[in-house]
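Following: one structure in structure tokens, then a few remarks.
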């Protein structure tokens, strides 16, 4: 065999194997579904049942200790969640357990179309459970709201993408992204009190990487039980408006526009 072929053949094999591996990884990556009220409510019920089971779990009793201990009168717990929906709702970051592929708890992130080198279209997703904030409802209006997202903790369906996200949104300098409602909007509080899902478009200021732009967030809100609410929302954006450069690689090209989305479990009072 000619000396040149001794080097060319292994190189070709390496390229073919590498290409197959890359193609296999691309095909196997499955992005989580978009946030929806139905999926969130289903997961909310699962998480609530898990919490109740954990709280009512049997604890082993030490008979000797029980005999020696003096009886203690414990007053009954008479506290209950506030009635209605008027007041301040705060993100409950202890409810549920954030998982990239699940609709559990509160989280925020983005979705962006990506064109592969094969011409196939996929969706790149980034999410974080690092969400905090609150919103206020008064006299049939959503009066204020401010949501803060820890941009430095965003994870992706491709771990290799996370560093690029961190750098693109300048999380080292601006670790938090925020959405602040800019004007009060009418809200069907009567429907919320009946447990119905209410849809409303909410204008506000979105800040990413230290740059603020006006957006309109489409929000769905529902109160499945007294004092416990669920809010999901999404808005389209153009990355260049926030001075975010979309990367291009051998695997494909990321769209210059995308969608932000969030799911919030909130409690009244």
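A short reminder: the numbers here are calculations on the coordinates, not readings from a lab. Here the structure is a predicted model, which is why all the values come from computation and not from measurement. Counting neighbours? That spans all protein chains shown, and the Cβs are built from the backbone with ideal geometry, glycine included.
Output the strands (runs of 3 or more DSSP E) that fall wholly within segment 202-269 and possess 1 or more residues being on the phi > 0 side of the Ramachandran plot and in contact with a strand residue (DSSP E or B) (Cβ under 8 Å, 6 or more places away or on another chain), or say none.
Fully inside segment 202-269 and qualifying: 252-254.
Given the condition out of contact with any helix residue (DSSP H, G or I) (no Cβ under 6 Å at 6 or more places or on another chain), free of Cβ contacts under 8 Å to residues at least 12 places away in the same chain and over 19 Å from residue 91 (Cα atoms), answer yes or no: does some residue in segment 191-210 qualify?
Within segment 191-210, one or more residues are out of contact with any helix residue (DSSP H, G or I) (no Cβ under 6 Å at 6 or more places or on another chain), free of Cβ contacts under 8 Å to residues at least 12 places away in the same chain and over 19 Å from residue 91 (Cα atoms).
Go through the residues of segment 156-172 one by one and say whether even a single one is out of contact with any helix residue (DSSP H, G or I) (no Cβ under 7 Å at 6 or more places or on another chain) and assigned to a strand (DSSP E or B).
So far as segment 156-172 goes, no, none of its residues is out of contact with any helix residue (DSSP H, G or I) (no Cβ under 7 Å at 6 or more places or on another chain) and assigned to a strand (DSSP E or B).
For the list (1) under 22 Å from residue 151 (Cα atoms); (2) without any contact (Cβ under 8 Å) to a residue 60 or more places away in the chain; (3) surrounded by fewer than 19 Cβ atoms within 10 Å (Cβ to Cβ), I need the number of the one condition that residue 184 fails.
(1)
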